[in-house]
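Throughout, read-outs are computed from the coordinates displayed, never taken from laboratory work. Since the structure is predicted, the reported quantities are computational estimates derived from the model, not experimental observations. Neighbour counts run over all protein chains shown; Cβ positions are idealised from the backbone, glycine included.
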Amino acid sequence: MTAGPRLGIFGGSFDPPHLAHVALARAAVEQLGLAMLRVLPTGQAWHKARALTGAEHRLAMAREAFAAVPQAVVDDRELRRSGPTYTIDTLRELRAEHPQAQLLLVVGADQAEALHTWRDSAGILQLATLAVAARARPDAGAPPFDTSRLPPGAWTAVELPPMPVSATEIRTRVAAGQGIGHLVPPGVARYIDLHSLYRTTG
Ligand code: ATP
């Protein structure tokens, strides 16, 4: 790996972004010494069957949520790409734009464990080091994550207190008329309310 500035890359559907996403972004910036963290809402993620909320809403909510992290820059390139989103394409673009930078791909443990199913996972690991945060399951603490499929040296840990929150839970709560103020930043809660998002499940 080159010894240039460290550039973090944090992708997600962010439908909606929540407090664990922001905590993970902040922890990654601090622990990895990132000069910049590019936050990339995904286009039609190939591995998520559910139709995502419109790109303009997810982009606006991501801007609200990550404004709290000074090094975070929300990057809409995957939303502008037609067809399915592949992380390898984004990494190649960022490598070309930042030839000196060390690229660190920030993911929760669930995504790290599934990496071998992503398009060109070997290429991903050649371009970037994985930075992995444990992810709590709602009914348990954070289990140690399974690193057996990752080559040694391909990943580093980001320490994050277990936060058993998911976007799925937030959508379900809104549809059931339950509060989400403890799960998302205030600006995101206001946005969801203003635009009547997630009122129906699906
Ligand atoms: P959904 O419930 O719709 O599947 P999600 O809450 O998993 O959504 P994503 O936008 O898919 O949110 O996640 C983006 C990234 O953030 C992924 O790498 C995911 O592993 C990580 N992440 C999400 N929630 C947590 C959490 N509670 N703790 C640690 N990492 C998380």
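Rank the residues Asp120, Asp15, Asp193 as a footprinting-exposure proxy: fewest other Cβ atoms within 10 Å of their Cβ go first.
Details: Asp120 15, Asp15 25, Asp193 11.
With the fewest neighbours first, Asp120, Asp15, Asp193 line up as Asp193, Asp120, Asp15.
What does the extension gain come out to for His98 and Ala68, with contour length at 0.36 nm per residue minus their alpha carbon separation? Each step should come with its number before you reach the end.
Values: separation 30, 0.36 × 30 = 10.80 nm, distance 2.43 nm.
Roughly 8.4 nm would be gained on extension.
What FRET efficiency do you get for Gln126 and Arg190 if R0 is 41 Å and r is their Cβ-Cβ distance, rounded to the nearest 0.05?
Numbers: r = 42 Å, r/R0 = 1.02.
For Gln126 and Arg190, the calculated efficiency is 0.45.
Which trypsin sites (Lys or Arg not before Pro) in region 46-133 sit in a loop by DSSP (not H, G, I, E or B) and have at most 15 other Cβ atoms within 10 Å of their own Cβ? Don't skip to the answer; put the middle values down first.
Values: sites: Lys48, Arg50, Arg58, Arg63, Arg77, Arg80, Arg81, Arg92, Arg95, Arg119; in loops: Lys48, Arg50, Arg81, Arg119.
Taking region 46-133 and a limit of 15 other Cβ atoms within 10 Å, the loop trypsin sites (Lys or Arg not before Pro) found are Lys48, Arg50, Arg119.
If R₀ is 41 angstrom, what is the calculated FRET efficiency for the pair Thr156 and Arg199, using the beta carbon separation as r and rounding to 0.05? Present the calculation step by step, with values, prior to reporting the outcome.
On the way: r = 40 Å, r/R0 = 0.98.
That gives a FRET efficiency of 0.55.
With each label point set 7 Å from Cα along the Cα-Cβ vector, what nm distance links Leu59 and Gln178?
Inter-label distance under the simple model: 3.3 nm.
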